[in-house]
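> Pasting in a structure now, in structure tokens, and then I'll have a few things to ask.
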Amino acid sequence: MAKLIIEGGRALKGQITVQGAKNAALPILAAAMLIPEPVRIGNCPRLTDVEHMAGLLRALGCRADWTGDGLVVDAGCARTAALPEDLAGSIRSSVFLLGPLLGRFGAAEAPYPGGCDIGNRPVDLHLKGLRAMGVKVDEASGRIRCLGRPRGTEIALEYPSVGATENLLMAACGAEGDTILVNPAREPEIDDLMAFLNGAGFDLRREGSSRIRVRGGRRGHGTAHAILPDRIEAGTYLVAAAITGGHLVLRGARKEHLSALLTALKEAGCRIRSEGTDLDIEGPERPRELRRLVTLPYPGFPTDMQSQVFALCTVARGTSVLEENVFEDRFRHGAELVRMGADCFIRGRSAVIRGVKSLHGATVTARDLRGGAALALAGLRAEGITVVEQAERIDRGYVDFAATLRQAGAAIRREDD
Ligand code: EPZ
């Protein structure tokens with residue numbers, strides 16, 4: 001178990017270099033299974049979820065070795081299509097392997113990915129799409145068993161699910177015939193996955209904002225790809241500057257992937273300038289409230305930034321209303337923030353947050369990855385000492401989270417027991 005001990009009240013100052021995106025690295029690592037030759041995945045963040053995914057690839061017979069800033073994966077020697085229970089059950093993104101395994105071997109088996117702390121996280125859209133491609137999918141006994149090479153077809157997604165889009169694109173790469181995906185997700189991580197697959201000899205292209213065409217019947221070849229910067233990590237540190245009234249320069253942040261968040265932070269009173277791939281942010285002495293913020297699929301406001309902005313709103317001048325439309329249980333950080341003196345209540349999908357002049361330190365628990373990061377951000381502002389328990393959850397999405405904040409002036413340390 002890990003905990004973060006934070007003494008609040010310091011304005012952050014300095015520069016932070018943005019890591020590679022977790023939510024691009026995970027599907028791209030899974031996609032390597034489609035390619036029977038070595039691929040180099042650079043700018044790959046060394047996160048626990050990424051290490052788990054590399055472990056899954058090794059369990060399937062692949063080589064996956066860290067070299068420099070990335071992983072070299074060789075799926076040429078992959079020999080099985082059944083994911084081991086112990087490893088696959090531990091991360092949701094193991095379900096991303098169904099598509100590439102089917103595209104490569106015409107068979108795939110995985111444990112049913114459990115829900116997590118932000119909702120029950122079904123995979124019905126993934127499986128419905130695979131069935132539409134002619135794959136036989138059996139869900140008995142808590143495992144997902146798929147059989148049959150995917151056939152190209154037109155699939156309309158009822159909801160622009162990120163994971164379902166990625167899984168079906170990867171299955172389509174190994175399908176006989178072309179596939180059209182209608183109403184696909186538009187997150188930048190999807191385009192990074194497509195760039196990786198196109199670099200490996202497949203042919204995927206967006207046709208407007210609501211269709212992606214995948215040419216079938218191609219065989220992948222070796223390639224090298226650098227993961228795009230992590231917009232959620234960058235956004236989290238932007239909020240760290242905002243909540244402490246500090247001044248940070250985020251190196252490598254792509255402002256075009258952050259526009260909804262930047263709009264909200266400017267409404268909160270932050271001064272933000274961009275120079276090339278750097279974002280320069282100065283936080284206000286006390287943030288203004290966000291009268292209404294709604295999370296939506298990209299390019300709407302990202303659900304993965306909701307808890308961090310929730311923390312910012314707890315010390316705003318007025319009352320903010322946040323609406324969480326993507327996951328059904330993503331306000332668990334609210335109760336923890338109340339322990340720090342926040343004044344907020346949850347009604348269904350909305351949180352009403354009346355800003356208070358100051359928070360006070362407390363011992364709180366990270367209930368999920370982004371909620372844990374949000375509690376640490378609140379601790380940077382709070383008077384006194386905050387202890388964030390179960391901080392290992394934060395390691396799933398941030399490399400060296402405490403060290404990164406400390407080098408920007410935060411009084412924060414980590415204890416592992
Ligand atoms: C991806 O999860 C991300 N994870 C999440 O990031 C992110 O919050 C989410 O996309 C939305 O942007 C990775 O990329 C590894 P969805 P995913 O399928 O693919 C429902 C983080 O903190 N749904 O777009 O699971 C689902 O229940 C994590 O980095 C179905 O009903 O997201 C949810 O309510 C958290 N049936 C909504 O759609 C399905 O078959 C969005 O899910 C699939 C999804």
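> Taking the criterion of being outside any helix (DSSP H, G or I) and surrounded by fewer than 21 Cβ atoms within 10 Å (Cβ to Cβ), would at least one residue in region 23-35 satisfy it? Full working, then the answer.
At the first step, the residues of region 23-35 found to be outside any helix (DSSP H, G or I) are 35.
Those still in the list that are surrounded by fewer than 21 Cβ atoms within 10 Å (Cβ to Cβ) too: none.
No, that holds for no residue.
> Please specify each residue of region 313-358 satisfying the condition of being touching a Gly at 6+ places or on another chain (Cβ under 9 Å), over 16 Å from Gly119 (Cα atoms) and assigned to a loop (DSSP other than H, G, I, E, B).
Thr314, Val315, Ala316, Arg317, Gly318, Met340, Ala342, Gly355, Val356, Ser358
> Please state which one of Thr314, Thr319 is more than 15 Å from the ligand (Cβ to nearest atom), open to solvent by less than 40 Å² (accessible area, probe 1.4 Å) and of a type outside the set (Lys, Arg). It would help to see each step written out before you state the result.
Values: Thr319 fails: open to solvent by less than 40 Å² (accessible area, probe 1.4 Å).
One residue alone meets the criteria, Thr314.
> Look through Leu130, Leu168, Leu98 and report the one residue that is open to solvent by less than 50 Å² (accessible area, probe 1.4 Å), within 16 Å of the ligand (Cβ to nearest atom) and under 20 Å from Pro188 (Cα atoms).
Values: Leu130 fails: under 20 Å from Pro188 (Cα atoms); Leu98 fails: under 20 Å from Pro188 (Cα atoms).
None of the other options fit; the residue is Leu168.
> A further question follows. Can you pull out every residue in region 36-80 that is assigned to a loop (DSSP other than H, G, I, E, B) and in contact with a Phe, Trp or Tyr (Cβ under 9 Å, 6 or more places away or on another chain)? So that I can check it myself, show each step before the final result.
Just the residues of region 36-80 that are assigned to a loop (DSSP other than H, G, I, E, B), to begin with: 36-37, 43-47, 60-62, 68-69, 78-80.
Scanning region 36-80 gives Cys44, Pro45, Arg46, Leu47, Ala78, Thr80.
> List every residue pair whose Cβ atoms sit under 8 Å apart, with the two residues 6 or more apart in sequence or on different chains, where the first one lies in region 123-135 and is in contact (Cβ under 8 Å) with a residue 12 or more places away in the chain and aliphatic (A, V, I, L, M) and the second, anywhere, is near the ligand (Cβ under 7 Å from one of its atoms) and open to solvent by 50 Å² or more (accessible area, probe 1.4 Å).
Every condition considered, the pairs that remain are Leu125/Tyr159.
> Here is a check on your reading of the model: is Leu125 at pLDDT 90 or above, within 19 Å of Val50 (Cα to Cα) and within 16 Å of the ligand (Cβ to nearest atom)? Steps first, answer last, please.
Numbers: at pLDDT 90 or above: yes; within 19 Å of Val50 (Cα to Cα): no; within 16 Å of the ligand (Cβ to nearest atom): yes.
For Leu125, the condition - at pLDDT 90 or above, within 19 Å of Val50 (Cα to Cα) and within 16 Å of the ligand (Cβ to nearest atom) - is not met.
> Another question, then. Among the listed residues Glu392, Glu383, Glu415, identify the single one that is within 16 Å of the ligand (Cβ to nearest atom), surrounded by fewer than 20 Cβ atoms within 10 Å (Cβ to Cβ) and farther than 14 Å from Ala240 by Cβ. Write out each step before concluding.
Details: Glu383 fails: within 16 Å of the ligand (Cβ to nearest atom); Glu415 fails: within 16 Å of the ligand (Cβ to nearest atom).
Being within 16 Å of the ligand (Cβ to nearest atom), surrounded by fewer than 20 Cβ atoms within 10 Å (Cβ to Cβ) and farther than 14 Å from Ala240 by Cβ holds for just one of Glu392, Glu383, Glu415, which is Glu392.
The values are calculated or read from the model by the stated rules, or taken from the named source; none is laboratory data. Every value quoted in this text rests on a predicted model; they were computed, and no experiment measured them. When we count neighbours, we look across all protein chains shown, and the Cβ atoms used for this are built from the backbone with ideal geometry, even at glycine. For accessibility, only protein heavy atoms count, side chains too; no ligands or nucleic acids. Shrake-Rupley method; radii C 1.70, N 1.55, O 1.52, S 1.80 Å.
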